[in-house]
1. Collect the residues in the stretch 4-28 that are surrounded by 17 or more Cβ atoms within 10 Å (Cβ to Cβ) and assigned to a loop (DSSP other than H, G, I, E, B), keeping them in residue-number order.
2. Taking interchain pairs and intrachain pairs at least six residues apart, which have beta carbon atoms under 7 angstrom, with the first residue in the stretch 1-30 and more than 17 Å from ILE76 (Cα to Cα) and the second part of a helix (DSSP H, G or I) and at pLDDT below 90?
3. Take GLU56 and decide whether it is within 20 Å of ARG24 (Cβ to Cβ) and modelled with pLDDT of 95 or more.
4. Out of (1) farther than 17 Å from SER4 by Cα; (2) modelled with pLDDT under 95; (3) more than 12 Å from the chain's Cα centre (by Cα), the odd one out for SER34 is which?
5. Within the bounds of the stretch 83-92, is there any residue that is within 14 Å of the chain's Cα centre (by Cα), among the aliphatic types (A, V, I, L, M) and closer than 15 Å to ALA10 by Cα?
Amino acid sequence: MSYSTEFRRAVAAAAVTRLIAGRRNLDAAARVVSKRLGNVVFPDRKENDRIRMLLEYRKKILAVDPKATGTQKVLIARYHYDQCMKWVADNNLKPEESSDLLVQTLLGATQN
(Lines give C-alpha, C1' and ligand atoms only; values in the text may rest on other atoms or scores of the structure.)
Protein backbone atom coordinates (compact mmCIF):
# COMPACT_ATOMS: atom_id res chain seq x y z
CA MET A 1 0.00 0.00 0.00
CA SER A 2 1.24 3.46 -0.81
CA TYR A 3 0.48 6.38 1.48
CA SER A 4 -0.04 9.95 0.32
CA THR A 5 2.75 12.46 0.67
CA GLU A 6 0.75 14.41 3.24
CA PHE A 7 0.20 11.30 5.33
CA ARG A 8 3.88 10.29 5.26
CA ARG A 9 5.06 13.76 6.20
CA ALA A 10 2.45 14.15 8.93
CA VAL A 11 3.38 10.81 10.50
CA ALA A 12 7.07 11.74 10.37
CA ALA A 13 6.29 15.09 12.02
CA ALA A 14 4.30 13.30 14.73
CA ALA A 15 7.25 10.96 15.32
CA VAL A 16 9.49 14.00 15.83
CA THR A 17 6.98 15.51 18.25
CA ARG A 18 6.87 12.31 20.27
CA LEU A 19 10.67 12.19 20.54
CA ILE A 20 10.69 15.77 21.80
CA ALA A 21 8.32 14.65 24.56
CA GLY A 22 10.99 12.10 25.44
CA ARG A 23 13.37 14.96 26.26
CA ARG A 24 15.26 15.13 22.99
CA ASN A 25 15.75 18.51 21.41
CA LEU A 26 14.04 19.30 18.13
CA ASP A 27 17.10 18.88 15.89
CA ALA A 28 18.13 15.58 17.49
CA ALA A 29 14.59 14.23 17.18
CA ALA A 30 14.38 15.21 13.51
CA ARG A 31 17.78 13.63 12.85
CA VAL A 32 16.70 10.31 14.42
CA VAL A 33 13.45 10.19 12.45
CA SER A 34 15.15 11.24 9.21
CA LYS A 35 17.87 8.60 9.55
CA ARG A 36 15.33 5.85 10.21
CA LEU A 37 13.05 6.85 7.34
CA GLY A 38 15.74 7.58 4.78
CA ASN A 39 14.13 8.61 1.50
CA VAL A 40 10.60 7.54 2.47
CA VAL A 41 9.38 11.06 3.25
CA PHE A 42 11.67 13.32 1.21
CA PRO A 43 13.10 11.20 -1.62
CA ASP A 44 16.41 11.94 -3.29
CA ARG A 45 17.55 14.46 -0.70
CA LYS A 46 20.70 14.53 1.37
CA GLU A 47 20.31 13.88 5.07
CA ASN A 48 20.74 17.49 6.20
CA ASP A 49 18.20 18.62 3.61
CA ARG A 50 15.73 15.96 4.78
CA ILE A 51 16.14 17.10 8.39
CA ARG A 52 15.62 20.74 7.48
CA MET A 53 12.60 19.95 5.30
CA LEU A 54 11.05 17.76 8.00
CA LEU A 55 11.40 20.53 10.58
CA GLU A 56 9.96 23.11 8.19
CA TYR A 57 7.01 20.87 7.31
CA ARG A 58 6.31 20.15 10.97
CA LYS A 59 6.32 23.88 11.68
CA LYS A 60 3.98 24.47 8.73
CA ILE A 61 1.56 21.77 9.94
CA LEU A 62 1.51 23.11 13.49
CA ALA A 63 0.81 26.65 12.24
CA VAL A 64 -2.52 25.49 10.77
CA ASP A 65 -5.65 25.79 12.87
CA PRO A 66 -6.83 22.22 13.49
CA LYS A 67 -10.45 23.36 13.22
CA ALA A 68 -9.96 24.96 9.79
CA THR A 69 -11.84 23.48 6.87
CA GLY A 70 -10.85 23.01 3.27
CA THR A 71 -8.94 20.66 1.04
CA GLN A 72 -5.51 22.25 1.05
CA LYS A 73 -2.73 19.72 1.43
CA VAL A 74 -1.49 21.25 4.66
CA LEU A 75 -4.97 20.88 6.20
CA ILE A 76 -4.96 17.22 5.24
CA ALA A 77 -1.52 16.82 6.79
CA ARG A 78 -2.70 18.56 9.96
CA TYR A 79 -5.63 16.13 10.18
CA HIS A 80 -3.29 13.13 9.86
CA TYR A 81 -0.89 14.64 12.42
CA ASP A 82 -3.71 15.17 14.91
CA GLN A 83 -4.96 11.61 14.37
CA CYS A 84 -1.47 10.25 15.08
CA MET A 85 -1.25 12.27 18.28
CA LYS A 86 -4.75 11.16 19.33
CA TRP A 87 -3.84 7.52 18.72
CA VAL A 88 -0.72 7.91 20.87
CA ALA A 89 -2.70 9.57 23.67
CA ASP A 90 -5.53 7.01 23.53
CA ASN A 91 -3.05 4.15 23.87
CA ASN A 92 -0.88 5.78 26.56
CA LEU A 93 2.29 5.15 24.58
CA LYS A 94 5.67 6.37 25.78
CA PRO A 95 7.53 8.86 23.57
CA GLU A 96 10.20 6.50 22.20
CA GLU A 97 7.71 3.67 21.75
CA SER A 98 5.18 5.81 19.91
CA SER A 99 7.83 7.36 17.68
CA ASP A 100 9.13 3.89 16.78
CA LEU A 101 5.63 2.66 15.94
CA LEU A 102 4.92 5.69 13.76
CA VAL A 103 8.19 5.21 11.87
CA GLN A 104 7.56 1.46 11.50
CA THR A 105 4.15 2.26 10.01
CA LEU A 106 5.80 4.18 7.20
CA LEU A 107 8.64 1.71 6.71
CA GLY A 108 6.24 -1.23 6.60
CA ALA A 109 4.12 0.43 3.93
CA THR A 110 7.11 0.98 1.65
CA GLN A 111 8.27 -2.63 1.88
CA ASN A 112 4.99 -4.15 0.66
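The values are calculated or read from the model by the stated rules, or taken from the named source; none is laboratory data. Since the model is a prediction, treat every value here as computed from it, not as a measurement. Heads up, the Cβs are rebuilt from the backbone with ideal geometry, glycines too, and the neighbour counts pull from every protein chain shown.
1. Selection gives ARG24 alone.
2. Hits for this filter: MET1/ALA109.
3. In short, yes.
4. Condition (3) is where SER34 drops out.
5. Within the stretch 83-92, one or more residues are within 14 Å of the chain's Cα centre (by Cα), among the aliphatic types (A, V, I, L, M) and closer than 15 Å to ALA10 by Cα.
Yes/no matrix, rows are residues, columns are (1) at pLDDT below 95; (2) not hydrophobic (A, V, I, L, M, F, W, C):
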residue	(1), (2)
PHE7	yes, no
ALA13	no, no
ARG24	yes, yes
VAL40	yes, no
ARG45	yes, yes
